[in-house]
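Structure record follows, encoded as structure tokens.
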Amino acid sequence: GVIHRDLKPDNVLVREVDGVPQPKIIDFGIAIGDSAASATVHYDRAGTATYMSPEQASRTRRDIDTRSDVYSLGVMLFEVLTDFDASATTGASFHSGAQLRTTLLDDTEVAESVPETLLAAAHSLPRELRAVLRRALAPNREDRYDSAAALAEDLQRYAERRPLKALPATRRYLARKFVSRHRLGLSAATLAGLALIVGIVLALAAEHRAEAAAARAEQVSKFIGDILVSVDPDQAKGMDTRLLRKLLEQAGQRANTELASQPEARMHIQGIIADSYVSIGDYRLAARYGEQMLKNLDAVKMDDIDKAYRLAGIVRLFNVSEQAKRALSVGRRALALSATAPVDDPHRLRVEEELAWAESNSGLLKQALQRFEQAYAIRLRADPADNRAIESDMRAIGTNASDLGDYGRAEAIYTQLLARLQARVGDDNSNTINAANELAIVYLRQKHYAKAETLLRAWLPRATRLLGADHPTRMSLFSNLGGAIRQQGRNEEARPYYEKTLAYALAKFGPDHSSAVVAESNLSFLLRDAGDLAAAEQHARAAVDHLDAAFGKGNGYQAVFYDALGTILVKEKRYAEAGKVFDHAWAMATGDADFGPDHPLTQELVQHAIDLYTTWGKPGQAALWQQRRVNKATSGSE
């Protein structure tokens, strides 16, 4: 029964009660009573301008009710969601209430009086939150929420993925919300039934009412897509994916035949199928669908920025399947199409990030890191609550810092990322598991082997349970655990890890894939230390034979694998041959500006060459390599 009239951040205190934040409203100095029967008329223009509703700010006779406080809450909500100072809108707020609503929240209209960064902050919000703000900040109070409780209820609905009162209850909207709430409840039987419905509707397109049937088919295909794309490891919790694979295979075949005349709908379905294959770790099939989507995209008319966004999704498929050259080519095409969009445009940001991954996978590490850092800074300013995008950029920065040899920075950001993910989505999530694995890799590169082993042993069972024993992420943890064990001198204990990892990589990806190359080289280390030098050399040479295919020519990281071969040749006392291999490795490492002579792995190569010429009794050659030392404290790890 009270209208506060001066709700603003200074008058709302928040403290924790039993660990739960609780608000306390203060300063009722200009509050008035509210009548249920009729509104109260007031002439005094009291309150704080930034947070006052249009009717409260008016200089004419006006009536005030609780919906004026709802408006104030809407302004505060805008500040919370965007981390932006609402006082920047004060000049536009009360000359025209409609202008405030338009400039803050509309997708097309832009008022020159509102700062560009303010618009970006509002436009980057999810559609549903923008709808809540529209209703809370409606110039006409009849269009607002009736009370603070009604506003709170809609926010609770958003948190629980239920339909909002602020949006029209269309069938498509209600269906999408239903899918987002009940992903696990939609079983394989439901998928099969819905696939049958798609077939029936698509069949209608062949009749004389083709145009109307095609429109209905597209609607159903989008609905099916929402279901299929939700079947990821974090939802499936290790369930058997064989039925899903069968459905995906059939869906792909039918899309090519029954949607042959509808390239946009066919591309939409292909994108869903590709994302589903990524979720279950079948990256080669995902990339194959990426190629099909590229062909369809050329047949679809759309704006350049929309086409760039679609291309970014295809670049992602090439990135995860480690087709670096293809990803780089398509990524640069996408960037050219998005060049006219603002740097903080969400579509352009997606393009920049996927291109950066392509650059990283192509060995352009410094260039990729710079692009990721720019995207990260923009996302933090525009929407600090956009967890997935920000966390993805954090992961990218950590990976590139690690690859560039900045292990301290990589460890710091991965430690922060792991804690953030554990708090937001919990331990049973593929993103959290990935972060733990990447942190373990940094420990391994820092030679903190026991620390890495402890971390990997804690997360491997969870990865197996959540993703399944055959998932690439789970196998990465498995392989890294074997490395941590071997590096502590427990060679025979590590052997099964190395042998299973190599067999898996060859069967899953083939010998030209980076995972297979790394597995070959790792096994060569184990065999070398076990004294089986002939077998060690065989695997080391298998690794170097596929380097160009796996990493691309000119990638300095190839030096690591030649270095490994050189250490085996030293053990075999083939010193002259080992020297040539080390020279070749040095040329590769120093020929790549992103790798270079001061990289920790290059310095390990230097130490191995010094050890070679010292053992060989050639002090002059050892001295030449000694001059290449950057950190005099460097010592060999292999």
Would you mind working out the magnitude of the charge dipole of the stretch 313-426 relative to its Cα centre, with +1 at each Lys and Arg C-beta and -1 at each Asp and Glu C-beta, to the nearest 20 Debye? 240
Answer with one residue from GLN487, ALA505, ALA550: the one whose Cα lies farthest towards the positive end of the charge dipole of the stretch 426-577, charges on Cβ with Lys, Arg +1 and Asp, Glu -1. GLN487
What distance in nm lies between label points placed 7 Å from Cα along the C-beta direction at ARG420 and ASP18? 3.2
Virtual spin-label span in nm between ARG161 and ASP27, 7 Å along Cα→Cβ: 4.0
Semi-axes of the equivalent ellipsoid for the stretch 317-403, please: Cα gyration tensor eigenvalues, times 5, square-rooted, ordered largest first, whole Å. 19, 16, 10
ARG141 neighbourhood, Cβ < 10 Å, K/R = +1, D/E = -1, net charge -4
May I ask you to compute the full-extension gain from VAL343 to SER87, defined as 0.36 nm times their residue separation minus their alpha-carbon distance, rounded to one decimal in nm? 89.7 nm
Given a Förster distance of 35 angstrom, what is the FRET efficiency for ALA530 paired with GLU373, based on the Cβ-Cβ distance and rounded to 0.05? 0.20
Please say if the stretch 453-570 is rounded, prolate or oblate, where rounded means a/c under 1.5 for a ≥ b ≥ c the square roots of the C-alpha gyration tensor eigenvalues, and otherwise the choice is prolate for a/b larger than b/c and oblate otherwise? oblate
Quote the charge dipole size of the stretch 472-583 about the Cα centre in Debye, to the nearest 20; the model charges only the Cβ of Lys and Arg (+1) and of Asp and Glu (-1). 200
So between SER329 and ASP598, what do we pick up on full extension, going 0.36 nm a residue minus the alpha carbon distance? 93.9 nm
Total charge of the residues flanking LEU337 in space, meaning their Cβ is under 14 Å from its Cβ, with Lys and Arg +1 and Asp and Glu -1, is 0
Would the stretch 263-336 count as rounded, prolate or oblate if I go by the C-alpha gyration tensor, calling it rounded below 1.5 in a/c and otherwise prolate when a/b exceeds b/c, oblate otherwise? oblate
Which net charge results when you count Lys and Arg as +1 and Asp and Glu as -1 among the other residues whose beta-carbon is under 13 Å from that of GLU354? +4
Cα gyration tensor of the stretch 511-620, axes a ≥ b ≥ c as square roots of the eigenvalues: rounded (a/c below 1.5), prolate (a/b > b/c) or oblate? oblate
The stretch 449-522, convex hull of Cα, quarter of hull surface, nm² -> 4.5
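Readers should treat all values here as calculations from the given coordinates under stated rules, not as data from a laboratory. Everything numeric here is computed off the predicted structure, so don't read it as measured data. So basically every Cβ, Gly included, is an ideal-geometry build from the backbone, and we count neighbours across all protein chains shown.
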